[in-house]
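Written out below as structure tokens is the structure these notes cover.
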There are 2 protein chains.
Amino acid sequence: MATNFDNYFKSAFTVDNVIFGFDEGDLKVLLIKRGEEPHIGEWALPGYFVKTDEDLDAAAKRVLSELTGLTNVYLEQVHTFGSVNRHAFGRVITISYFSLIKIDNYTIQPSSIALQAQWHTVNDLQHLAFDHDAILESCLQRLKWLVKTRPVGFELLPPKFTLTELQHLYEAILRCPLDKRNFRKKILSMNLLVDCDETQEGVAHRPAKLYKFDRKRYNKLVDQGFNFELKETPTKKKRAAELS
Amino acid sequence: MATNFDNYFKSAFTVDNVIFGFDEGDLKVLLIKRGEEPHIGEWALPGYFVKTDEDLDAAAKRVLSELTGLTNVYLEQVHTFGSVNRHAFGRVITISYFSLIKIDNYTIQPSSIALQAQWHTVNDLQHLAFDHDAILESCLQRLKWLVKTRPVGFELLPPKFTLTELQHLYEAILRCPLDKRNFRKKILSMNLLVDCDETQEGVAHRPAKLYKFDRKRYNKLVDQGFNFELKETPTKKKRAAELS
DNA sequence: GTTAGTTAGTGCATTTTTTACACTAATTAC
DNA sequence: GTAATTAGTGTAAAAAATGCACTAACTAAC
């Protein structure tokens, strides 16, 4: 084993952010068009080098902000990718972070090495730069798990939403149809939603009630041992759909 | 943003392995006594620098083998720790890996910078070198989750084991008592265990039946959509215990 | 203002799963 | 053979999950 440590201190690391949003029934991810080598001109996750005197979490926030203008976004580490040849400039491993945001609350402002920053529908993506396809995929898995075990779906919806919107969100992420009555029963029985006493406006059909997520109540329940849990329900319909 | 990339290529990364075992009813973790600065003489997770031309997973395996003599161990990445000042020699982030092994199957052979390599009871640990306390803790969380969602408990037991041993394993990891009858019913109903038609020997009481885990059957069931799932069952007894 | 179109919203019966709980069986040590 | 120790077992009650189809409220078009 080497005793000259200098040889080890020749690597770099980056952070890559996988920011999910939800719009028009589709799960979206925020991508930038790169204005710098390597992979110039390609679509990629918003990421960049971590400074040598900067914590990883802080770097993820800074980089996201510099490339897309997004600030005050909660980021969570997911996985580290470190294949030897994943970067053309040398040994660069990357730590991926992910987040869920309400698209409407933020204005995307590409800058720095980002020529553009845009929401892309996850189901309809081209190949991304570097190994970002794999990074995105691992974050999708994380999202799927998270949405079943924590009430994070609300992060992707406007503050006031209908139960149908919420159901569609879950269906988009879990990629399986859910039974309307059972979904509503389950969600409402958790007592995490507050009826806003308002209804949708401007729709050409019976307007739905609006609800909001009661975070205080959730925190209280968690303290009491409550565990948010939602199963994928592989209903008959689902199995039938899978066969076709 | 810097355009001179050289500044970024001055960091190093290490891997740290959290190897769990189970013995005499206790969850154990494999530690080394360090024979190199920094933190010379302290107990630490078996970890070392990743070579610049080496994949992370491969590095984890190599380092584990060099320090403890363990080979052929399945390792899984858990989390990356990267506080600016976590290492005295410069900017060093570390990627943690974890594994479950059957203690009896392996001989520990400390070498390289490891003065000693020993199993330590998790519940009874001193402070570890670097930020290894936090790394261990995050792996314990991972283990807790894994044990509930995958049949990995068997990795920690000898090939043939009794249901009581299995239950004690779960209780040690989940840190909660389980109901004997319900535990057995649940486990047996999954049809993942094969009765070996043998019983314990050398015990001063009614000998228990031995079972082994049927991995083929598990894989087959998974293909059919089976999902291993075991809940923490906060029984009355547990709540009572928590109050005291 | 009647009709067609669209989505919202609701209940119940059945099945499955979970829970709580206490005694008998088999063995060894003395 | 008696005491000590752990293995092993069943059931009833409660809770949760499942499958399923109609009515309600609103708009748009005529």
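Any read-out appearing in this document is the output of simple, stated calculations on the displayed coordinates, not a laboratory observation. What you are looking at is a predicted structure, and each value in this text was computed from that prediction instead of being measured. Glycine gets a Cβ as well: all are built from the backbone with ideal geometry, and neighbour counts include every protein chain shown.
Numbers for the structure displayed
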| read-out | value |
| --- | --- |
| The stretch B:168-228-the stretch A:111-166 distance, computed between alpha-carbon centres (Å) | 39 Å |
| Anisotropy class of the stretch A:19-106 from Cα gyration tensor, a/c 1.5 cut | prolate |
| For the stretch A:1-140, size of Cβ-based charge dipole, Lys and Arg +1, Asp and Glu -1, in debye | 280 debye |
| Segments A:58-64, B:206-212 sorted - mean Cβ within 10 Å per residue, highest first | A:58-64, B:206-212 |
| Cα-centre dipole for the protein assembly as shown with unit charges at Cβ (Lys and Arg positive, Asp and Glu negative), debye to 20 | 2340 debye |
| Debye, to nearest 20: dipole size of the stretch B:154-239, +1 on Lys, Arg Cβ, -1 on Asp, Glu Cβ | 480 debye |
| Relative contact order, percent, the stretch A:96-178 [alpha-carbon distance under 8 Å, six or more residues apart] | 34 percent |
| Sum of side-chain charges, B:CYS196 neighbourhood, beta-carbon under 9 Å (Lys, Arg +1; Asp, Glu -1) | 0 |
| Peptides A:122-129, B:221-228, A:197-204 ordered by average Cβ neighbours within 10 Å, highest first | A:122-129, B:221-228, A:197-204 |
| C-alpha long axis of helix B:132-149 to longest principal axis of chain B, angle in ° | 30 degrees |
| Average beta-carbon neighbours from other chains, 10 Å sphere, peptide B:66-79 | 1 |
| Relative contact order of chain B, defined on C-alpha pairs under 8 angstrom at six or more residues apart (%) | 20 percent |
| Efficiency of FRET from Cβ geometry, B:LYS160 and A:SER189, R₀ 45 Å, rounded to 0.05 | 0.55 |
| Crossing angle, helix B:163-174 versus chain B [Cα axis fit, 0-90 degrees, rounded to tens] | 40 degrees |
| Packing rank of A:174-181, A:68-75, B:46-53, where each peptide gets the mean count of other beta carbons within 10 Å, highest leading | B:46-53, A:68-75, A:174-181 |
| Per-residue average of Cβ from other chains inside 10 Å of A:49-55 | 6 |
| Using alpha-carbon coordinates, inclination of helix B:180-189 to the longest axis of chain B, degrees | 80 degrees |
| Inter-label distance for B:THR121 and A:GLU76, nm, one decimal - labels placed 7 Å from Cα along Cα-to-Cβ | 3.5 nm |
